[in-house]
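Just below is one structure, and these are the notes that go with it.
The values are calculated or read from the model by the stated rules, or taken from the named source; none is laboratory data. On a predicted model such as this, the values are computed, not experimentally measured, just so you know. Using ideal geometry, Cβ is built from the backbone for each residue, glycine included, and neighbour counts are taken over all protein chains shown.
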């Protein structure tokens, strides 16, 4: 079938909308989704810029939301016409998947980054194979093939476009707080970098009942937005001795928890250095390969600190996304405060706005 897709051709070139072919045949366990909307995530840009060395050209996009048009053999619980959110893929058979940790699937990289799919990506352009099946979807397109494992059925009265970012960015930030850090009511937390993932962390900290929620960023407009969404304090990320400035807000002894979304080594160091004794930090960024974080051993060991790398918020999408949707229905997850919509053909303007800080979370509308 003919579809329109945005293809990443090379790091220095903008995304280009093309007409290409998507395979009509579905393998066992697959579904064909008509994409209504897709969020833009920094991981998409990291691949395009080759910070993550995935071969180009490739169709990216991994926060898709849409309507199922067809189901393949062996698919249970999904049918034509169902509204779905799309998240990351996993094999379902390895030890991590069997333990309920699909974000750490043995095949995570091959499925999600390199688009491993039986029979190839299913995409062709001008007679040649085209890289796709990114995060088992490649949702920068009007249609995508996904697996039943990485789509989550939602009620038809819910706004597909607004909820699209739940599949990765919001899931990552909220899950890092709720599933990994698990702060007690009244705890203190600092969130370093309040883009979409960090804003999700701020909202989740408020849901958890944290009494001190510190937003750290270099953009004043984002710090102001963080205050609206639940932050109790803000700090400019360029402040001298950033770790000490944050720690001072934790009753002078440091904060209980921190979340870093930046991956910037000196900021990561501050996110660990600001912790109180036996504090915990979640690290969710994907900086360029070879990046190393400077952590002083005496601080880490002497403080009894816990530092965790976190993928996709340690979430099982089929369980966690419905929880986030419940918060949204209760008006406790105000996604409308961070999402901005763009027509599909303005994907490059949406990225420019995100990089400039003019928008927190851009979402493309395919129609």
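Odds and ends about this structure:
- Subset of the range 134-177 [surrounded by fewer than 24 Cβ atoms within 10 Å (Cβ to Cβ) and on the phi > 0 side of the Ramachandran plot]: none
- Within the range 108-125, the set of residues being out of contact with any strand residue (DSSP E or B) (no Cβ under 7 Å at 6 or more places or on another chain), under 17 Å from residue 59 (Cβ atoms) and touching a residue at least 60 places away in the same chain (Cβ under 8 Å) comprises 113, 114, 117, 119.
- Test: residue in the range 331-344 that is in contact with a strand residue (DSSP E or B) (Cβ under 8 Å, 6 or more places away or on another chain), without any contact (Cβ under 8 Å) to a residue 24 or more places away in the chain, under 21 Å from residue 221 (Cβ atoms) and not assigned by TED's automatic domain parsing to the domain that holds residue 189: yes
- Residues satisfying the stated conditions in the range 115-132, i.e. closer than 14 Å to residue 20 by Cα and outside any strand (DSSP E or B): 121, 122, 126, 127, 130, 132
- Counting only strands (runs of 3 or more DSSP E) that fall entirely inside the range 1-110 and contain at least 1 residues that are under 16 Å from the mean Cα position of the chain (by Cα) and closer than 23 Å to residue 288 by Cβ, the qualifying elements are 30-39.
- The residue that is nearest to residue 238 (Cα to Cα), among those in the range 292-304 that are out of contact with any helix residue (DSSP H, G or I) (no Cβ under 8 Å at 6 or more places or on another chain) and in a loop (DSSP other than H, G, I, E, B), is 303.
- Among the candidates 289, 276, 332, residue that is modelled with pLDDT of 95 or more and in a loop (DSSP other than H, G, I, E, B): 332
- Members of the range 235-279 found to be in contact with a helix residue (DSSP H, G or I) (Cβ under 6 Å, 6 or more places away or on another chain) and touching a residue at least 12 places away in the same chain (Cβ under 8 Å), listed by number: 235, 242, 243, 254, 257, 258, 259, 260, 261, 270, 273, 274
- Check on residue 35, surrounded by 19 or more Cβ atoms within 10 Å (Cβ to Cβ), in contact with a strand residue (DSSP E or B) (Cβ under 8 Å, 6 or more places away or on another chain) and over 19 Å from residue 149 (Cβ atoms): no
- Options 93, 37: the member that is within 27 Å of residue 366 (Cα to Cα) and modelled with pLDDT of 95 or more: 37
- Filtered residues of the range 313-330 (kept if in contact with a strand residue (DSSP E or B) (Cβ under 7 Å, 6 or more places away or on another chain) and closer than 16 Å to residue 177 by Cβ): 321
- Within the range 204-234, the set of residues being out of contact with any helix residue (DSSP H, G or I) (no Cβ under 8 Å at 6 or more places or on another chain), surrounded by fewer than 24 Cβ atoms within 10 Å (Cβ to Cβ) and either farther than 23 Å from residue 354 by Cβ or not assigned by TED's automatic domain parsing to the domain that holds residue 284 (or both) comprises 209, 211, 212, 232, 233.
- Close pairs from the range 95-107: first in the same structural domain as residue 117 (by TED's automatic domain parsing) and under 14 Å from residue 149 (Cβ atoms), partner at pLDDT below 95 and surrounded by fewer than 17 Cβ atoms within 10 Å (Cβ to Cβ), Cβ under 9 Å, at least 6 apart: 107/116
- Among the residues making up the range 345-367, those that are in a loop (DSSP other than H, G, I, E, B), touching a residue at least 40 places away in the same chain (Cβ under 8 Å) and exposed (fewer than 15 other Cβ atoms within 10 Å of the Cβ) are 357, 367.
- Candidates 309, 304, filtered to the one that is surrounded by fewer than 17 Cβ atoms within 10 Å (Cβ to Cβ), under 30 Å from residue 150 (Cα atoms) and modelled with pLDDT of 95 or more: 309
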